[in-house]
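Peer 1: After the structure tokens below, expect a handful of questions from me.
The values are calculated or read from the model by the stated rules, or taken from the named source; none is laboratory data. Please read all numbers here as calculations on a predicted model, not as lab measurements. Every residue, glycine as well, gets a Cβ built from its backbone with ideal geometry; the counts of neighbours run over all protein chains shown. Protein only, heavy atoms only, side chains kept; ligands, DNA and RNA dropped before computing areas. Shrake-Rupley method; radii C 1.70, N 1.55, O 1.52, S 1.80 Å.
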Amino acid sequence: MKKLLYILLLLPFATIAQEKPTVNGYKTYLDNKQVDITHYFIDPANVANVHTDKTNKEVHITRKEQTELVCLADILKEIKKDGANAVIVVNDNLIQKPEAYYMEDNSLSSMSIEKVNEVTRIKITTKNVGEN
């Protein structure tokens, strides 16, 4: 009985901790899935519609084509297979937690790979560099 009481008391805090961050108090949805849009790099030309619901404080972004979103951690895994130490820099910002960042393939403007002091640096510039 005591365990059940603890679970019931802690459950609301666990639920709150799992909520996605908001931007200016607005929840953001990409193709009907709530996301932390600050961690997504999408092609501006692939955006079909942006709808702002001021009543519910939500922003809904719909893409023209449901292209695959690549997790930046997957890119690092491929580089690290060879035992290399690597980092990803997107739009001149070092990505600290690549497992939380996603990118559309067609959002890339340029990409370069360079080795600096035994560290492979993957430098990516996106098409919406001025909007991040």
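Peer 1: Probe radius 1.4 Å, ligands and nucleic acids ignored: give me the carbon and sulfur share of the accessible area of the range 22-82 as a rounded percent.
Peer 2: Details: 1800 of 3840 Å².
Solvent-exposed carbon and sulfur of the range 22-82 make up 47 percent of the total.
Peer 1: Here's a follow-up. When we measure straight from the Cα of residue 81, which aspartates and glutamates land under 18 angstrom away, once same-chain ones fewer than 8 places off are left out?
Peer 2: Of all the aspartates and glutamates, those that pass the test against residue 81 - Cα under 18 Å, at least 8 places apart if same chain - are 99, 114, 118.
Peer 1: Checking the cross-link filter: which aspartates and glutamates have an alpha carbon closer than 20 Å to that of residue 54, excluding same-chain neighbours under 8 positions apart?
Peer 2: Once the sequence-local aspartates and glutamates are set aside, what remains near residue 54 is 19, 31, 36.
Peer 1: What FRET efficiency comes out for residue 70 versus residue 118 if R0 is 30 angstrom and r is the Cβ-Cβ distance? Round to the nearest 0.05. Can you show the working numbers first?
Peer 2: On the way: r = 26 Å, r/R0 = 0.85.
Calculated value: 0.70.
Peer 1: So between residue 99 and residue 47, what do we pick up on full extension, going 0.36 nm a residue minus the alpha carbon distance? Walk me through the numbers on the way to the answer.
Peer 2: On the way: separation 52, 0.36 × 52 = 18.72 nm, distance 2.35 nm.
This chain segment gains 16.4 nm when fully extended.
Peer 1: Now, a different point. Mind grabbing the accessible area of residue 58 for me, 1.4 Å probe, Å², rounded to tens?
Peer 2: Here the accessible area works out near 40 Å².
Peer 1: Past 18 Å, Cα to Cα: identify those pairs from 27/123; 33/77; 77/123; 77/127; 80/123; 33/57, in the order given. Can you show the working numbers first?
Peer 2: Values: 27/123 29 Å; 33/77 26 Å; 77/123 16 Å; 77/127 24 Å; 80/123 16 Å; 33/57 15 Å.
Result: 27/123; 33/77; 77/127 exceed 18 Å.
Peer 1: Based on the Cα gyration tensor of the range 23-132, what are the three equivalent ellipsoid semi-axes, each the root of five times an eigenvalue, rounded to whole Å and given largest first?
Peer 2: Numbers: eigenvalues 172, 36, 30 Å².
Listed largest to smallest, the semi-axes of the range 23-132 are 29, 13, 12 Å.
Peer 1: Same structure again: May I ask you to derive the FRET efficiency for residue 55 and residue 33 from their Cβ-Cβ distance with R0 = 22 Å, giving the value to the nearest 0.05? Intermediate values should be presented prior to the final figure.
Peer 2: On the way: r = 20 Å, r/R0 = 0.93.
Plugging the Cβ-Cβ distance into 1/(1 + (r/R0)^6) gives 0.60.
Peer 1: Another one. For labels at residue 125 and residue 79 in the simple 7 Å Cα→Cβ model, what's the distance in nm?
Peer 2: For residue 125 paired with residue 79, the spin-label model returns 1.8 nm.
Peer 1: Can you work out ³J(HN,Hα) from phi for every residue in the range 50-58, in order, using Karplus 6.51 cos²θ - 1.76 cosθ + 1.60 and θ = phi - 60°, giving whole Hz and x for Gly and Pro?
Peer 2: 10, 10, 9, 9, 5, 5, 9, 6, 9
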